[in-house]
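Asks: Got a structure for you, questions after.
The values are calculated or read from the model by the stated rules, or taken from the named source; none is laboratory data. What you see is a predicted model, and the numbers here were worked out from it, not measured in a lab. Please note: Cβ atoms are built from the backbone with ideal geometry, for glycine as well, and neighbour counts cover all protein chains shown.
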Amino acid sequence: MVEYQKNQSLLTSNQQLLADATKRSLITQLNSQFNSLPNSFSELKTNWIKYEPNFYWFQQQQPVFPPKPSNASSLWDSYWQDLTSSLKDEQPKASLNKLMQERVDNIKDMASALEANDQQSLRTLMQVFLSQKENFQLTAIEEIASSLMLLEVGKNKRWSQSLVDSILFQGFQSENIHIRSAFNLLIDNVNRFNREDTQAILNLIEGYAERVNLPLDRLRDYRRAILKSETSLHSLHCTQKLVIGQDRISKAYDAENCIVIPINLPQELKSLTSQLIQRGQLDPNDSINWNMSRLPESEQELTLTIDRPSWGLQETNQQWFMLIKVIILIILVSLSIYAVQAIQLEHQRKEHYIQLKEDFVNLVSHELKTPLASIRLMAETLDKRLTKKLDGKDYPKRIEREADRLWLMVDNILSFNRLQSEKMSINKTSISLKSLVDEVQESLPEDIIINNKISPDAEALVDKPLFSLVLLNLVSNAVKYNNHSQVELTFESSINNQGLNSILVSDNGIGIDKALWADIFEPFFQAHHKQKKGFGLGLALSLKVMQIHNGSLRILQSKTLSEADASIGKINNLNNTVPYTTGTQWELTFQ
């Protein structure tokens, strides 16, 4: 329980750490949106033309950028009508001051030069016009109006694009001249015009710019920003360094200056989630939740939370872990009981093993005594008959057969023991299997018939003595378990494109029940207890020999006495069948 509580505390700490890291990432992401904006009001006043009007500057909670028109009476319409009509009148307008009248007269002269296509006079008059604007600055409305009047008189003759751009947007800048454009003058002094006047001036500027195909995006952006309704702030905005609202964020530079930008908060959260997933801080199924109803909030009070399914899974896993620990404890107790029982069983197994050793010693003693007794008896009988000069009959052959059986039993015991202890060295050589079978046949009694059908081309890389022992054990097995007057075996080979594949050995023994096919390869196992001869090591040894040659030994098919009258079936999709009434077919496979 203490460990569970510690894990729960650790999980809560991890949740808080991730939430804090996410908040810091969000604040960094939101702060980055201010990087391309002015850092002070003086920078904004000097370089406002460089910035898109997509933010708001507040001073003492009042908007100062984008500038807004005033509520003053309309001045522009009547003033513009007086100016345009003065171009046609010979007499000066009483409503114009002297400096403005001089500009109007100069513009009239330029109109005449345009009509006469007098380029020299036009250049001179333009220099005079620029000099007047540089040296005798008038009010904002007069400066804007004089610039637009110049474009008005040339609208049919089409001023050059560069000239129109300089007058409307770029101004005239050189070492000796610094003349502001009509658009700059309007934006800097928009608070001196009302909404209608501002709209009218912007429409004129846009019309002149369109005639010479000047870009209008910046002008239209500023028109929308200037003529848009004033932006109201929540009381929390601009009171702290960073305040986040549902649709805008504010950043306070000092006690008086604050900048506000619009945001799409759900989109920002989606973008932040993607970034954190890419950095591995969040999983693909995680999400960031924010109680929007509590906004705006300062950066210190952000209430965002992390929805991470893996945390719920982790808590569930901890509960399961506790349960598993209890189960493991129960299992350990059970295992302890089982271990005690296993020790008891091991003790019993050792006792059984000791008994098996005693039985094996008794078996060896009995099995070795039998052929030795036979040899002794037949030797004594043979000696007596020879002393009396009687015929020795078949006693020498019988003595030889019993000696061979004794030799095979001893050889099986020694070879099996060496193979089991892995102390026996293997010396593989390429031999002719047909010749090897012939050699085995020569060592057998004449009443054992061997049909050697192995191909003369069949060769194998084997340890000759060990492989000979395998063949002798198969012959011995056929001899021991046989009820025919003559023992008969057939040896055949199977060769494919890669060379020798297998050897088939068929005998005419009594057959082996299919239920015993796997058991007969176990050490000391004997399938037919009534005809038991030997130790039951021959087949176990033969399988071991084939395995160390990377081969195998198995029963392919077998017919017992009870199956003798049944039809011969095809086993394992092979066409080979046992060629005798009863018997077993063995397959020795090579790789």
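Asks: Has segment 94-108 got any residue that is surrounded by fewer than 16 Cβ atoms within 10 Å (Cβ to Cβ), in a helix (DSSP H, G or I) and either basic (Lys, Arg) or touching an Asp or Glu at 6+ places or on another chain (Cβ under 6 Å) (or both)?
Replies: Taking every residue of segment 94-108 in turn, at least one turns out to be surrounded by fewer than 16 Cβ atoms within 10 Å (Cβ to Cβ), in a helix (DSSP H, G or I) and either basic (Lys, Arg) or touching an Asp or Glu at 6+ places or on another chain (Cβ under 6 Å) (or both).
Asks: So which of Ile306, Ile330 is of a type in the set (A, V, I, L, M) and either within 30 Å of Leu44 (Cα to Cα) or exposed (fewer than 12 other Cβ atoms within 10 Å of the Cβ) (or both)? Lay out the reasoning, then the answer.
Replies: Working: Ile306 fails: either within 30 Å of Leu44 (Cα to Cα) or exposed (fewer than 12 other Cβ atoms within 10 Å of the Cβ) (or both).
Just one listed residue meets the conditions, Ile330.
Asks: Within the set of pairs 6+ apart or on separate chains, which have a first residue in segment 174-188 that is farther than 14 Å from Ile226 by Cα, a second that is surrounded by fewer than 18 Cβ atoms within 10 Å (Cβ to Cβ) and among the charged types (D, E, K, R), and C-beta atoms under 6 Å apart?
Replies: Here the result reads Ile177/Glu134; Ile179/Glu134, each pair linking segment 174-188 to a residue that is surrounded by fewer than 18 Cβ atoms within 10 Å (Cβ to Cβ) and among the charged types (D, E, K, R).
Asks: Mind checking whether some residue in segment 444-459 is touching a residue at least 60 places away in the same chain (Cβ under 8 Å) and buried (at least 17 other Cβ atoms within 10 Å of the Cβ)? Before the answer, list the steps.
Replies: Filtering segment 444-459 down to residues touching a residue at least 60 places away in the same chain (Cβ under 8 Å) leaves none.
For segment 444-459, residues touching a residue at least 60 places away in the same chain (Cβ under 8 Å) and buried (at least 17 other Cβ atoms within 10 Å of the Cβ): absent.
Asks: Starting from residues that are polar (S, T, N, Q) and free of Cβ contacts under 8 Å to residues at least 12 places away in the same chain, keep the ones in segment 150-173 and report whichever is farthest from Leu83 (Cα to Cα). Step through it out loud before you land on a result.
Replies: Just the residues of segment 150-173 that are polar (S, T, N, Q), to begin with: 156, 160-162, 166, 170, 173.
When the remaining residues are screened for being free of Cβ contacts under 8 Å to residues at least 12 places away in the same chain, the result is 156, 162, 170, 173.
Working: Asn156: 18, Ser162: 25, Gln170: 24, Gln173: 27 Å.
My answer is Gln173.
Asks: Which of (1) touching a residue at least 60 places away in the same chain (Cβ under 8 Å); (2) more than 19 Å from Pro67 (Cβ to Cβ); (3) assigned to a helix (DSSP H, G or I) is the odd one out, the single condition His234 does not satisfy?
Replies: Against the list (1) touching a residue at least 60 places away in the same chain (Cβ under 8 Å); (2) more than 19 Å from Pro67 (Cβ to Cβ); (3) assigned to a helix (DSSP H, G or I), His234 comes up short only on (3).
Asks: If a residue has to be surrounded by 15 or more Cβ atoms within 10 Å (Cβ to Cβ) and among the charged types (D, E, K, R) to count, how many in segment 488-517 make the cut?
Replies: Qualifying residue count, segment 488-517: 3.
Asks: A further question follows. Given (1) under 24 Å from Met126 (Cα atoms); (2) part of a loop (DSSP other than H, G, I, E, B), where does Ile205 come up short, assuming only one miss?
Replies: Result: Ile205 passes all but (2).
Asks: Then there is this: Going through segment 240-254 one residue at a time, which ones are closer than 21 Å to Leu304 by Cα and part of a loop (DSSP other than H, G, I, E, B)?
Replies: Residues of segment 240-254 closer than 21 Å to Leu304 by Cα: 240-251.
Hits for segment 240-254 are Gln240, Lys241, Gly245, Gln246, Asp247.
Asks: Related question: For segment 80-90, give me the residue count where each residue is surrounded by 10 or more Cβ atoms within 10 Å (Cβ to Cβ) and part of a loop (DSSP other than H, G, I, E, B). I'd like the intermediate steps shown before the answer.
Replies: First pass over segment 80-90, keeping only residues surrounded by 10 or more Cβ atoms within 10 Å (Cβ to Cβ): 80-87, 89.
Subset that is part of a loop (DSSP other than H, G, I, E, B): 87, 89.
So the answer is 2.
Asks: Give just the number: which of (1) modelled with pLDDT of 85 or more; (2) basic (Lys, Arg); (3) more than 23 Å from Arg220 (Cα to Cα) does Lys68 not satisfy?
Replies: Failed condition: (3).
Asks: To continue, here is another question. Right, Asp77: surrounded by fewer than 14 Cβ atoms within 10 Å (Cβ to Cβ) and in a loop (DSSP other than H, G, I, E, B) or not? If you could, list the steps in order and put the result at the bottom.
Replies: Numbers: surrounded by fewer than 14 Cβ atoms within 10 Å (Cβ to Cβ): yes; in a loop (DSSP other than H, G, I, E, B): no.
So Asp77 fails the test.
Asks: Return the residues of segment 170-183 that are surrounded by 18 or more Cβ atoms within 10 Å (Cβ to Cβ) and not aliphatic (A, V, I, L, M); say none if nothing qualifies.
Replies: In the first step, residues of segment 170-183 are kept if they are surrounded by 18 or more Cβ atoms within 10 Å (Cβ to Cβ); the result is 171, 179-183.
Selection gives Gly171, Arg180, Ser181, Phe183.
Asks: Here is a further query. Please give the number of the condition Pro266 fails out of (1) in a helix (DSSP H, G or I); (2) under 57 Å from the mean Cα position of the chain (by Cα); (3) under 30 Å from Leu138 (Cα atoms).
Replies: (3)
Asks: Right, next: With of a type in the set (Val, Ile, Thr) and in contact with a His (Cβ under 8 Å, 6 or more places away or on another chain) as the only criterion, which of Val326, Val260 stands out? Steps first, please.
Replies: On the way: Val326 fails: in contact with a His (Cβ under 8 Å, 6 or more places away or on another chain).
Residue meeting the stated conditions: Val260.
Asks: Quick check on my filter: what residues within segment 14-47 are closer than 30 Å to Asp188 by Cα, of a type in the set (Gly, Ala, Ser) and assigned to a helix (DSSP H, G or I)? Walk me through it before giving the result.
Replies: Kept after step one, since they are closer than 30 Å to Asp188 by Cα, are these residues of segment 14-47: 30-47.
In the following step, the residues that additionally are of a type in the set (Gly, Ala, Ser) were identified as 32, 36, 40, 42.
Correct list: Ser32, Ser42.
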